[in-house]
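Presented below is the structure to which this report refers.
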Amino acid sequence: MSTTALTLDEIYALAHDCLTKNGADAANAKALSTTIHNAERDGSHSHGLFRLPAYVASLRSGKVKGDAKPVATEITPAVIRLHGDNGYAPIAHEVGLPLLAEAASRFGIAVLGITHVHHMAALWPEVEFLAERGLVGMACTPYMPAVAPAGATKPLFGTNPLSFAWPRPDTTPVVFDMATAAMAMGEVQIAARDGHDVPMGTGLNADGEMTTDPSQIANGGVLLPFGGYKGSAIAMMVELLSAGLVGENFSFEAKEGDNGDGGPPQGGQFILAMSPKIISSHDDWASHCAGFFTKLTGLEGVRLPGERRHKNRLSDAPRQINTPLVEKIRSLMD
Ligand code: NDP
């Protein structure tokens, strides 16, 4: 695989220029380029520049607005609805997350229900934002059918990511962020591009048979949930929280309304914030939990989720980006 070394500033500038030339206004280009920059900085390769051509496709087709101006409405002091104005998720987060953090810090718990948004990024940025403010965060979003529920060979669930962040004063939060599919479709696509097999159990081919060939899964096949029926139940929960509860499209409805341009469909997102400072009856919830993390990481072979990304973040060295991808992005600016 040939790669091109780009500094983090160059990654930001490449994304920003490409988005601006394809119809994003200053605020939307900044929010989305920051998300892409942060994904590459942390080594979330499947949700950095890799997604830019699809972002551009939906700006060009007019499905996603490059000048979206999301609007928040306080339904109760602890329930905030956010209309994403059919833009990409990062600009909606810029509007909604500070309101959510403020409400949860005051009332102990608060929910942000986002509608009319197009989400194709990683979900750790939204929960890290909350944890950096001393809050426990949880977020999830559906997509379009790509995952067969346990027992089925046809897709109904999206890859339905779920993220969770736990605040730790004076150090990085503990964060997990995972597709409820055995593997995120972005990772399957990257494996197909780079010619790697994927583990058995990742998905089925078009005939409903298990395969390790990522291109057979990505083209006409279907992903499986992680952990069999248990992962399938969590994928169902993601549909219910971010579509049923928030009042937006289930994955199958999102596909019915999508124009097939390759970008993300219109959907919703559920984000929950909780304040341990208010909820915990322990005198010092933070040191109580620090003791738990010490026990956990004291076990041979254990590392905390999020640790890999937080280590990557410490390096300001250039990142190695797939060269054909860089060329493709440059061609989108012609
Ligand atoms: P991974 O399987 O790579 O990682 C899932 C989580 O497990 C991460 O938090 C990771 O932490 C942690 N982890 C990995 N290995 C270990 C280990 N050995 N010990 C402890 N923790 C570990 O993620 P997925 O492939 O499932 O998802 C990738 C991304 O795709 C996510 O960011 C998700 O939000 C995104 N996605 C977005 C969608 C959308 O529609 N917007 C749809 C589907 C997925 P660490 O990062 O530190 O390795």
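The values are calculated or read from the model by the stated rules, or taken from the named source; none is laboratory data. Please read these numbers as outputs of a predicted model, since none were measured by experiment. Heads up, the Cβs are rebuilt from the backbone with ideal geometry, glycines too, and the neighbour counts pull from every protein chain shown. We work out accessible area using only protein heavy atoms, side chains counted, and drop any ligands, DNA or RNA first. Shrake-Rupley method; radii C 1.70, N 1.55, O 1.52, S 1.80 Å.
Structural remarks
- For segment 182-224, diffusion coefficient by Stokes-Einstein and Kirkwood Rh (Cα), 37 °C, 0.692 mPa s, µm²/s: 344 µm²/s
- In Hz, Karplus ³J(HN,Hα) per residue of segment 145-155 (6.51, -1.76, 1.60; θ = phi - 60°; x = Gly, Pro): x, 8, 10, 7, x, 3, x, 9, 10, 10, x
- Most positive-pole-ward Cα, Gly48, Cys140, Asn219, against dipole of the chain from beta carbon charges: Cys140
- Note on surface exposure: Arg106, Arg41, Arg313 rank Arg106, Arg313, Arg41 by accessible area, highest first, 1.4 Å probe.
- Note on Met274: accessible area is roughly 50 Å² with a 1.4 Å probe, heavy atoms of protein only.
- ³J(HN,Hα), Karplus 6.51/-1.76/1.60, whole Hz, each residue of segment 275-289, x for Gly, Pro: 9, x, 4, 8, 7, 6, 8, 6, 4, 9, 4, 5, 6, 4, 6
- Couplings 3J(HN,Hα) for segment 58-67, derived from phi with the Karplus relation 6.51 cos²θ - 1.76 cosθ + 1.60 (θ = phi - 60°), are 7, 5, 5, 6, x, 5, 10, 7, x, 10 Hz, where x marks Gly and Pro.
- Computed [θ] at 222 nm, deg cm²/dmol, the chain (DSSP H ≥ 4; -39,500 (n - 2.57); rounded to nearest 500): -12000 deg cm²/dmol
- Kirkwood estimate for segment 170-266, i.e. one over the average of 1/r between Cα atoms, Å: 15.0 Å
- Relative contact order %, segment 182-224, counting alpha carbon pairs below 8 Å whose residues are six or more apart: 40 percent
- Nonlocal Lys pairs with alpha-carbon distance under 30 Å, the chain (8 or more apart, or different chains): 28
- Stokes-Einstein, applied to the Kirkwood radius of the chain over Cα pairs at a viscosity of 0.890 mPa s and 25 °C, places its translational diffusion at 120 µm² s⁻¹.
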